[in-house]
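S.K.: One structure, as C-alpha cells, below. Some questions next.
The values are calculated or read from the model by the stated rules, or taken from the named source; none is laboratory data. All values reported here derive from a predicted model rather than from experimental measurement. When we count neighbours, we look across all protein chains shown, and the Cβ atoms used for this are built from the backbone with ideal geometry, even at glycine.
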Amino acid sequence: MNFLKPAKSLPLLAKEQIQKAYPYWRLRMFLIAYIGYFTYYFGRSSFDVSKQYIATLTPNELGLIGAGLGIAYGISKFLMGNISDRSNAKVFLAIGLFITGLINLLLPSLLSLGVLIIFIAMLINGWVQGMGWPACARIITHWFCVNERGTKMGIWNTAHNVGAGFLAIAIVPIGLLLFHGDWYGLFYVAGAMCIFVSMLVLIFGADTPQSVGLPAIEVYKGYTTAETHYEQEFSAKEIFLKYVLNNKWIWLIAIANAFVYCARYGLLSWSTYYLVNVKHMSTTTGLLGFALFELPAIPGTIIIGWITDKFFDSRRAPMGVICMLLFICALFIYWYSDKAWVLLLSLSAMGVLIYGPVALIGIFALDLVPKKAGGTAAGFTGLFGYFLGTVGAQAVIGIIATMLGWDAVFIFLLGSCIIATALLAICWNLSYNEIYEN
C-alpha cells in the first residue's frame, strides 16, 4: 500500500526559514492531531448517547453492541499502531476518520435489522477507530520532545473530552433540530462531520518534520546534531518483540490501563442510562451528566500533565495514583447520592480524575519506547484498555446490572480502581531516563 508509506524527506530549508517555519508547523500539526481526534469521538460515542432512545434493546444487548466496538477498537489500536509507525500520519488519520463517518451515516438504516447487524457494524466502526490514536501518537512523538510531552499530551488528551462533550451538547441537539426531533439525526450529523474533517486533515496535514524540509525535533531542540539515532526505522518484528512485548513496564501499565478504562467507560457509557433509568432523572440531566463527565476534564488533564513535567521530573505514576485515590472517593458519592446536583458534581470530579490516568498512561507508553515505536506501544496499552476494560464496562456491567443490580456494578468498579491504583504505585519512581537505562 504505497499511499500509506511515510512521506519522503525534502531538502532542508535555510536556517532562517527553519526558525520561522518550525513553530508554525508544530502548532499546525498539533491542531491537526487535536481536531482530527476529537472528531473521531463523534463517530465512536454516537451510539453511547443514543442508548437512552433505543427502547427496543435491553441493557444486555446494548452492552454487547458496545463491547463489540471496544473489542474491535482494542485489537485494531494495537495492530494499526504497528502499521502507523511505518505510515504517513496524515493519510492514516484521515482514512479512519472518513470510514467511521460513512458507518455513522449508515447506522440509522441498520438499527432496524437486528442486534447481529448492528454488532457487525460496530465491529467495523471499532476497527477503523483504531487508526486514530496511533496516527496522533506518531504526530506528537515526531513534532514534540520528551521533556515537553507531558504538557503537550495533556493538552492533546483533552480531545477525548471535547469530542464526547461536544457530541452531547452540540451534535445531538443539532441532529434533533435538523431532523425534526428524530434521534437518528445525531448519527447523520456525526458522520458528516467525520467525513468533512477527514478532508481537512488530508489538505492541511503533513507527516514528519523532514517531509516539509525541517530537521528532526531532537536536532531543532539541540539535543543532538545528527538524526541517525532518533530517526532509525525499525521492522515490524523488531518493534513488536524488542520494544513492546519484551518490555516489562509496557505490560504493567497496559494491565493498569485495562482497569482504568473499565472505570472510565463503566461510568461514561452508562451515565445517561444510569441517571435516567436508575436515578430517575430527566433526559436533559442524563445528557448533561455525559457532558459534565467530559468537559471539566479539559483543564484538569492539561494541569495534571503539566504537573508531571514541572514537579515530578516527567514521572507519570505519582499523579496517576493520586488521581485514582480521589476518584474512588468521588465514586462513593455518585453511588449513594440521589440529588441531581450532587450526581452531576461527582460525575464532573470523576471525569477530571479518571482522564488524568488515561492521559498519563498514554504518555508513559510513549516514554517507554523509541519514537519510531510509539504507535505500537500506545496501541498495546490501548489493546488492554479497550479489549479488556471496555468489555468489562459494556458487556459485564450490562450483565451485572441485569442479574445483580447496580450496587454490584459499583462494587465491580471499585475493585477495578483499587487494582489500577496498585499497579500504578509500582511505577512510582520510574522516570524516562531510568527506562532507557534498563
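S.K.: When the stretch 35-76 is examined, which residues are found to be at pLDDT 80 or above and either over 20 Å from the mean Cα position of the chain (by Cα) or charged (D, E, K, R) (or both)?
M.R.: Of everything in the stretch 35-76, just one residue is at pLDDT 80 or above and either over 20 Å from the mean Cα position of the chain (by Cα) or charged (D, E, K, R) (or both), namely Arg44.
S.K.: Before we move on, is Phe92 touching a residue at least 24 places away in the same chain (Cβ under 8 Å) and either buried (at least 23 other Cβ atoms within 10 Å of the Cβ) or outside any helix (DSSP H, G or I) (or both)? Break it down stepwise before answering.
M.R.: Working: touching a residue at least 24 places away in the same chain (Cβ under 8 Å): yes; either buried (at least 23 other Cβ atoms within 10 Å of the Cβ) or outside any helix (DSSP H, G or I) (or both): yes.
Yes; evaluated as a whole, the condition is true for this residue.
S.K.: Here is a follow-up. Among the residues that make up the stretch 68-89, is at least one of them touching a Cys at 6+ places or on another chain (Cβ under 9 Å), of a type in the set (A, V, I, L, M) and surrounded by fewer than 24 Cβ atoms within 10 Å (Cβ to Cβ)?
M.R.: No - not one qualifying residue is present in the stretch 68-89.
S.K.: Test each condition in (1) surrounded by fewer than 17 Cβ atoms within 10 Å (Cβ to Cβ); (2) farther than 21 Å from Ala377 by Cβ; (3) acidic (Asp, Glu) for Glu238 and report the one that comes out false.
M.R.: (2)
S.K.: Scanning the stretch 110-149 for residues that are touching a Phe, Trp or Tyr at 6+ places or on another chain (Cβ under 6 Å) and more than 15 Å from Phe98 (Cα to Cα), which turns out surrounded by the most Cβ atoms within 10 Å (Cβ to Cβ)? Step through it out loud before you land on a result.
M.R.: Step one: list which residues in the stretch 110-149 are touching a Phe, Trp or Tyr at 6+ places or on another chain (Cβ under 6 Å), which gives 126, 129-132, 135-136, 146.
Retained after the next criterion (residues that are more than 15 Å from Phe98 (Cα to Cα)): 136, 146.
Numbers: Cys136: 29, Val146: 20.
Of everything passing the filter in the stretch 110-149, Cys136 is surrounded by the most Cβ atoms within 10 Å (Cβ to Cβ).
S.K.: Given the options Lys237, Lys248, name the one that is at pLDDT 70 or above and charged (D, E, K, R).
M.R.: Values: Lys237 fails: at pLDDT 70 or above.
After applying the criteria, what remains is Lys248.
S.K.: Among the listed residues Leu111, Leu106, which satisfies the condition of being modelled with pLDDT under 95 and in contact with a Gly (Cβ under 9 Å, 6 or more places away or on another chain)?
M.R.: Working: Leu111 fails: in contact with a Gly (Cβ under 9 Å, 6 or more places away or on another chain).
Among Leu111, Leu106, only Leu106 is modelled with pLDDT under 95 and in contact with a Gly (Cβ under 9 Å, 6 or more places away or on another chain).
S.K.: Continuing with this model, one more query. If a residue counts only when it is in contact (Cβ under 8 Å) with a residue 40 or more places away in the chain and surrounded by fewer than 24 Cβ atoms within 10 Å (Cβ to Cβ), which helices (runs of 4 or more DSSP H) contained entirely in the stretch 306-393 have at least 1 such residues? Give the derivation first.
M.R.: Values: elements: 317-336, 340-367, 374-382.
Passing ranges, in order: 317-336, 340-367.
S.K.: I'd like the full set of residues that are within 24 Å of Ala135 (Cα to Cα) and either in a loop (DSSP other than H, G, I, E, B) or within 26 Å of the chain's Cα centre (by Cα) (or both), limited to the stretch 13-28. Steps first, answer last, please.
M.R.: We begin by selecting, within the stretch 13-28, every residue within 24 Å of Ala135 (Cα to Cα); these are 21-28.
Residues satisfying the conditions are Pro23, Tyr24, Trp25, Arg26, Leu27, Arg28.
S.K.: Would you tally the residues in the stretch 290-329 being over 22 Å from the mean Cα position of the chain (by Cα) and either among the acidic types (Asp, Glu) or modelled with pLDDT of 85 or more (or both)? Before the answer, list the steps.
M.R.: First, the residues of the stretch 290-329 that are over 22 Å from the mean Cα position of the chain (by Cα): 310-313, 329.
In the following step, the residues that additionally are either among the acidic types (Asp, Glu) or modelled with pLDDT of 85 or more (or both) were identified as 313, 329.
The number of residues fulfilling the criteria is 2.
S.K.: Might you check whether a residue that is touching a helix residue (DSSP H, G or I) at 6+ places or on another chain (Cβ under 7 Å) and more than 18 Å from Ser337 (Cα to Cα) occurs anywhere in the stretch 272-281?
M.R.: no
S.K.: While we're on this one: Working only within the stretch 394-412, note down all residues that are within 20 Å of the chain's Cα centre (by Cα) and surrounded by fewer than 24 Cβ atoms within 10 Å (Cβ to Cβ).
M.R.: Residues of the stretch 394-412 that are within 20 Å of the chain's Cα centre (by Cα), as a first pass: 394-395.
If the condition is that a residue be within 20 Å of the chain's Cα centre (by Cα) and surrounded by fewer than 24 Cβ atoms within 10 Å (Cβ to Cβ), then Ala395 is the only one that fits.
S.K.: How many of the residues in the stretch 150-178 are surrounded by fewer than 19 Cβ atoms within 10 Å (Cβ to Cβ) and either under 24 Å from Met29 (Cβ atoms) or modelled with pLDDT of 85 or more (or both)?
M.R.: Let us first name the residues in the stretch 150-178 that are surrounded by fewer than 19 Cβ atoms within 10 Å (Cβ to Cβ), namely 155, 169-170, 173-174, 176-178.
Next cut, either under 24 Å from Met29 (Cβ atoms) or modelled with pLDDT of 85 or more (or both) only: 155, 174, 177-178.
Going through the stretch 150-178 one residue at a time, the tally reaches 4.
S.K.: Out of everything in the stretch 1-12 that is part of a helix (DSSP H, G or I) and touching a helix residue (DSSP H, G or I) at 6+ places or on another chain (Cβ under 9 Å), what residue ends up being surrounded by the most Cβ atoms within 10 Å (Cβ to Cβ)? Before the answer, list the steps.
M.R.: If we filter the stretch 1-12 for residues that are part of a helix (DSSP H, G or I), which is where we start, we get 2-4.
Checking which are touching a helix residue (DSSP H, G or I) at 6+ places or on another chain (Cβ under 9 Å) leaves us with 3-4.
Working: Phe3: 9, Leu4: 13.
It comes out as Leu4.
S.K.: Which residues, taken from the stretch 356-406, are within 20 Å of Ser87 (Cβ to Cβ) and not hydrophobic (A, V, I, L, M, F, W, C)?
M.R.: To start, the set of residues in the stretch 356-406 that are within 20 Å of Ser87 (Cβ to Cβ) comprises 362, 365-366, 369-383.
Gly362, Pro370, Lys371, Lys372, Gly374, Gly375, Thr376, Gly379, Thr381, Gly382, listed by residue number.
S.K.: Oh, and also: Taking the stretch 138-174 as the region of interest, how many residues are more than 30 Å from Ala216 (Cα to Cα) and of a type in the set (Phe, Trp, Tyr)?
M.R.: 1
S.K.: Taking the stretch 353-368 on its own, how many of its residues are modelled with pLDDT under 85 and closer than 11 Å to Thr381 by Cβ?
M.R.: The number of residues fulfilling the criteria is 6.
S.K.: OK, next. Could you list, in sequence order, all residues of the stretch 173-195 that are within 20 Å of Thr100 (Cα to Cα) and of a type outside the set (Phe, Trp, Tyr)? If you could, list the steps in order and put the result at the bottom.
M.R.: Step one: list which residues in the stretch 173-195 are within 20 Å of Thr100 (Cα to Cα), which gives 174-175, 183-195.
Scanning the stretch 173-195 gives Ile174, Gly175, Gly185, Leu186, Val189, Ala190, Gly191, Ala192, Met193, Cys194, Ile195.
S.K.: Here's a follow-up. Test Tyr37 against the stated conditions and say whether it is in contact with a Cys (Cβ under 7 Å, 6 or more places away or on another chain) and either assigned to a helix (DSSP H, G or I) or in contact (Cβ under 8 Å) with a residue 12 or more places away in the chain (or both).
M.R.: Values: in contact with a Cys (Cβ under 7 Å, 6 or more places away or on another chain): yes; either assigned to a helix (DSSP H, G or I) or in contact (Cβ under 8 Å) with a residue 12 or more places away in the chain (or both): yes.
Taking the combined requirement at face value, the residue satisfies it.
S.K.: Sticking with this one: Kindly state which helices (runs of 4 or more DSSP H) lie completely within the stretch 108-188 and contain at least 2 residues that are in contact (Cβ under 8 Å) with a residue 40 or more places away in the chain, in contact with a helix residue (DSSP H, G or I) (Cβ under 7 Å, 6 or more places away or on another chain) and of a type in the set (Ser, Thr, Tyr). Step through it out loud before you land on a result.
M.R.: On the way: elements: 115-129, 132-143, 149-166, 172-178.
So the answer is 149-166.
S.K.: Is it the case that Phe119 is at pLDDT below 90 and within 19 Å of Gly66 (Cα to Cα)? Outline the logic, then answer.
M.R.: Working: at pLDDT below 90: yes; within 19 Å of Gly66 (Cα to Cα): yes.
Answer is yes for this residue.
S.K.: Sticking with this one: State whether the residues of the stretch 80-88 include one that is among the basic types (Lys, Arg) and part of a helix (DSSP H, G or I). Write out each step before concluding.
M.R.: Filtering the stretch 80-88 down to residues among the basic types (Lys, Arg) leaves 86.
Imposing the further condition that a residue be part of a helix (DSSP H, G or I) reduces the set to none.
So far as the stretch 80-88 goes, no, none of its residues is among the basic types (Lys, Arg) and part of a helix (DSSP H, G or I).
S.K.: Sticking with this structure for a sec: If you go through the stretch 15-32 one residue at a time, do you hit one that is surrounded by 15 or more Cβ atoms within 10 Å (Cβ to Cβ), over 27 Å from Ile302 (Cα atoms) and touching a residue at least 24 places away in the same chain (Cβ under 8 Å)?
M.R.: The answer is yes; a qualifying residue exists.
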